[in-house]
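The values are calculated or read from the model by the stated rules, or taken from the named source; none is laboratory data. Computed from a predicted structure; not experimentally measured. All Cβ positions, even for glycine, are placed from backbone atoms using ideal geometry, and neighbour counts span all protein chains on display. We work out accessible area using only protein heavy atoms, side chains counted, and drop any ligands, DNA or RNA first. Shrake-Rupley method; radii C 1.70, N 1.55, O 1.52, S 1.80 Å.
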Amino acid sequence: MRILACADLHGVPERVERVRDLIVEISPDVVLLAGDLAGYDDEGAILDGLRSPVPVLGVGGNMDGAGVIAELARRGWLLHDEPRTVGGFTFGSPGVEAGCDVLVSHFPPRGTLDRAPSGDHIGSVAVREVMRAVAPRVLVCGHVHEAPGVERAGATLVVNCSMGAGRARGALIVLTPDNVSAKLL
(Lines give C-alpha, C1' and ligand atoms only; values in the text may rest on other atoms or scores of the structure.)
Protein backbone atom coordinates (compact mmCIF):
# COMPACT_ATOMS: atom_id res chain seq x y z
CA MET A 1 0.00 0.00 0.00
CA ARG A 2 1.27 3.46 -0.94
CA ILE A 3 0.20 6.20 1.45
CA LEU A 4 0.52 9.94 0.81
CA ALA A 5 0.60 11.71 4.18
CA CYS A 6 0.40 15.50 4.60
CA ALA A 7 -0.16 17.90 7.51
CA ASP A 8 -0.20 21.62 8.23
CA LEU A 9 -1.60 22.88 4.94
CA HIS A 10 -3.16 25.83 6.84
CA GLY A 11 -5.33 26.66 3.83
CA VAL A 12 -2.32 27.78 1.76
CA PRO A 13 -3.34 27.32 -1.89
CA GLU A 14 0.17 26.28 -2.99
CA ARG A 15 0.22 23.47 -0.42
CA VAL A 16 -3.20 22.22 -1.49
CA GLU A 17 -2.01 22.28 -5.11
CA ARG A 18 1.11 20.31 -4.11
CA VAL A 19 -1.08 17.64 -2.52
CA ARG A 20 -3.19 17.39 -5.69
CA ASP A 21 -0.02 17.16 -7.80
CA LEU A 22 1.44 14.46 -5.54
CA ILE A 23 -1.73 12.40 -5.83
CA VAL A 24 -1.26 12.37 -9.61
CA GLU A 25 2.52 11.90 -9.42
CA ILE A 26 2.77 9.03 -6.93
CA SER A 27 -0.66 7.35 -7.32
CA PRO A 28 -1.20 6.54 -3.65
CA ASP A 29 -3.76 3.99 -2.46
CA VAL A 30 -4.88 6.35 0.32
CA VAL A 31 -4.28 9.98 1.33
CA LEU A 32 -3.83 10.79 5.03
CA LEU A 33 -4.37 14.32 6.35
CA ALA A 34 -2.85 14.89 9.79
CA GLY A 35 -4.59 18.14 10.71
CA ASP A 36 -4.27 21.92 10.47
CA LEU A 37 -5.85 21.75 7.05
CA ALA A 38 -7.70 25.06 6.80
CA GLY A 39 -6.83 28.68 7.37
CA TYR A 40 -8.52 30.90 9.89
CA ASP A 41 -11.58 31.80 7.86
CA ASP A 42 -12.20 29.16 5.22
CA GLU A 43 -13.21 26.30 7.54
CA GLY A 44 -14.32 23.36 5.38
CA ALA A 45 -13.98 25.02 1.97
CA ILE A 46 -10.33 24.00 1.68
CA LEU A 47 -11.35 20.34 1.60
CA ASP A 48 -12.88 20.82 -1.85
CA GLY A 49 -9.35 21.24 -3.18
CA LEU A 50 -8.28 17.94 -1.62
CA ARG A 51 -10.74 15.68 -3.39
CA SER A 52 -9.06 12.57 -4.60
CA PRO A 53 -9.79 9.51 -6.73
CA VAL A 54 -8.52 7.40 -3.80
CA PRO A 55 -9.78 7.24 -0.20
CA VAL A 56 -8.93 10.22 2.04
CA LEU A 57 -8.74 9.87 5.83
CA GLY A 58 -7.82 12.53 8.33
CA VAL A 59 -7.98 14.21 11.69
CA GLY A 60 -8.36 17.83 12.66
CA GLY A 61 -5.56 19.89 14.11
CA ASN A 62 -5.39 22.54 16.79
CA MET A 63 -6.08 25.27 14.19
CA ASP A 64 -9.03 23.50 12.56
CA GLY A 65 -12.42 24.72 13.66
CA ALA A 66 -15.66 22.83 14.09
CA GLY A 67 -16.48 23.45 10.41
CA VAL A 68 -13.43 21.49 9.25
CA ILE A 69 -14.21 18.58 11.56
CA ALA A 70 -17.85 18.59 10.42
CA GLU A 71 -16.75 18.62 6.76
CA LEU A 72 -14.30 15.75 7.32
CA ALA A 73 -17.14 13.77 8.91
CA ARG A 74 -19.69 14.71 6.22
CA ARG A 75 -17.31 13.53 3.49
CA GLY A 76 -16.59 10.26 5.34
CA TRP A 77 -12.94 11.23 5.77
CA LEU A 78 -12.83 11.69 9.57
CA LEU A 79 -10.90 9.13 11.57
CA HIS A 80 -12.51 8.77 14.97
CA ASP A 81 -12.67 6.13 17.69
CA GLU A 82 -13.30 3.15 15.42
CA PRO A 83 -10.49 1.97 13.11
CA ARG A 84 -11.15 2.15 9.37
CA THR A 85 -9.86 -0.45 6.93
CA VAL A 86 -8.46 0.37 3.49
CA GLY A 87 -6.71 -2.23 1.37
CA GLY A 88 -6.50 -4.66 4.29
CA PHE A 89 -4.76 -2.19 6.64
CA THR A 90 -6.40 -0.43 9.59
CA PHE A 91 -6.21 3.31 10.29
CA GLY A 92 -7.12 5.00 13.55
CA SER A 93 -6.94 8.27 15.46
CA PRO A 94 -5.70 8.77 19.04
CA GLY A 95 -9.23 7.89 20.25
CA VAL A 96 -8.91 4.35 18.92
CA GLU A 97 -9.04 1.63 21.56
CA ALA A 98 -8.25 -1.37 19.38
CA GLY A 99 -4.98 -1.89 17.60
CA CYS A 100 -4.39 -0.39 14.17
CA ASP A 101 -1.66 -0.48 11.56
CA VAL A 102 -1.53 3.30 11.11
CA LEU A 103 -2.28 5.84 13.84
CA VAL A 104 -3.00 9.36 12.54
CA SER A 105 -2.59 12.25 14.99
CA HIS A 106 -2.05 15.94 14.49
CA PHE A 107 0.36 15.98 17.42
CA PRO A 108 3.60 13.98 17.45
CA PRO A 109 4.35 11.74 20.41
CA ARG A 110 6.37 13.51 23.11
CA GLY A 111 10.08 13.04 22.43
CA THR A 112 9.87 12.04 18.75
CA LEU A 113 10.01 14.54 15.88
CA ASP A 114 8.60 17.21 18.18
CA ARG A 115 11.50 19.59 18.85
CA ALA A 116 10.49 23.26 18.57
CA PRO A 117 12.96 26.00 17.55
CA SER A 118 13.49 26.65 21.28
CA GLY A 119 14.86 23.13 21.63
CA ASP A 120 11.92 22.04 23.75
CA HIS A 121 9.98 18.86 23.03
CA ILE A 122 6.38 19.95 22.49
CA GLY A 123 4.80 16.64 21.48
CA SER A 124 1.88 15.04 23.25
CA VAL A 125 2.35 12.73 26.20
CA ALA A 126 -1.16 11.37 25.56
CA VAL A 127 -0.28 10.47 21.94
CA ARG A 128 2.92 8.81 23.13
CA GLU A 129 0.90 6.71 25.59
CA VAL A 130 -1.67 5.74 22.93
CA MET A 131 1.19 4.81 20.59
CA ARG A 132 2.68 2.57 23.28
CA ALA A 133 -0.67 0.98 24.12
CA VAL A 134 -1.92 0.44 20.55
CA ALA A 135 1.51 -0.34 19.02
CA PRO A 136 0.77 0.80 15.46
CA ARG A 137 3.29 0.03 12.76
CA VAL A 138 3.21 3.70 11.69
CA LEU A 139 2.24 6.94 13.43
CA VAL A 140 1.56 9.86 11.07
CA CYS A 141 1.64 13.36 12.57
CA GLY A 142 2.45 17.00 11.93
CA HIS A 143 2.04 20.10 14.15
CA VAL A 144 5.75 20.82 14.69
CA HIS A 145 6.54 22.52 11.39
CA GLU A 146 10.29 22.58 12.04
CA ALA A 147 10.57 18.82 12.69
CA PRO A 148 9.42 16.90 9.61
CA GLY A 149 11.10 13.54 9.38
CA VAL A 150 10.97 9.80 9.80
CA GLU A 151 12.15 8.19 13.02
CA ARG A 152 11.62 4.95 14.94
CA ALA A 153 10.06 5.03 18.40
CA GLY A 154 10.26 1.44 19.56
CA ALA A 155 8.42 -0.73 17.05
CA THR A 156 6.56 2.25 15.52
CA LEU A 157 7.78 4.27 12.57
CA VAL A 158 6.87 7.91 13.30
CA VAL A 159 6.39 10.17 10.28
CA ASN A 160 6.06 13.92 10.83
CA CYS A 161 4.75 14.96 7.42
CA SER A 162 4.37 18.69 8.17
CA MET A 163 4.33 20.98 5.17
CA GLY A 164 4.25 24.03 7.44
CA ALA A 165 7.82 25.29 7.24
CA GLY A 166 8.40 24.38 3.59
CA ARG A 167 10.98 21.73 4.51
CA ALA A 168 8.89 18.86 3.17
CA ARG A 169 6.01 18.30 0.77
CA GLY A 170 4.48 15.54 2.85
CA ALA A 171 5.62 11.93 2.96
CA LEU A 172 5.28 8.71 1.03
CA ILE A 173 4.79 5.64 3.21
CA VAL A 174 4.94 2.14 1.76
CA LEU A 175 3.21 -0.45 3.92
CA THR A 176 3.25 -4.17 3.19
CA PRO A 177 2.32 -7.10 5.43
CA ASP A 178 6.02 -7.60 6.22
CA ASN A 179 7.59 -4.15 6.01
CA VAL A 180 7.05 -0.42 6.34
CA SER A 181 9.18 2.38 4.94
CA ALA A 182 8.74 6.13 4.58
CA LYS A 183 10.44 9.10 3.02
CA LEU A 184 9.77 12.79 3.01
CA LEU A 185 8.86 14.29 -0.34
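Give me the residue from the range 117-167 that is touching a helix residue (DSSP H, G or I) at 6+ places or on another chain (Cβ under 9 Å) and of a type in the set (A, V, I, L, M, F, W, C) and, out of that set, farthest from Ala182 (Cα to Cα). Per the stated criteria, the residue is Met163.
Residues of the range 171-185 that are in a loop (DSSP other than H, G, I, E, B) and open to solvent by less than 60 Å² (accessible area, probe 1.4 Å): Thr176, Leu185.
In the range 119-163, counting only strands (runs of 3 or more DSSP E) that sit wholly within it, the ones holding 2 or more residues that are more than 16 Å from His106 (Cβ to Cβ) span 149-153, 156-160.
For the range 153-180, a residue qualifies if it is in contact with a His (Cβ under 7 Å, 6 or more places away or on another chain) and farther than 12 Å from Cys6 by Cα, and exactly one does: Ala165. Of the residues examined, Asp101 is not one that is modelled with pLDDT under 95 and not aliphatic (A, V, I, L, M). Residue count for the range 129-170, restricted to those that are surrounded by 23 or more Cβ atoms within 10 Å (Cβ to Cβ) and touching a Lys or Arg at 6+ places or on another chain (Cβ under 6 Å): 3.
With respect to the stated conditions, Ala38 is in contact with a Gly (Cβ under 8 Å, 6 or more places away or on another chain) and free of Cβ contacts under 8 Å to residues at least 40 places away in the same chain.
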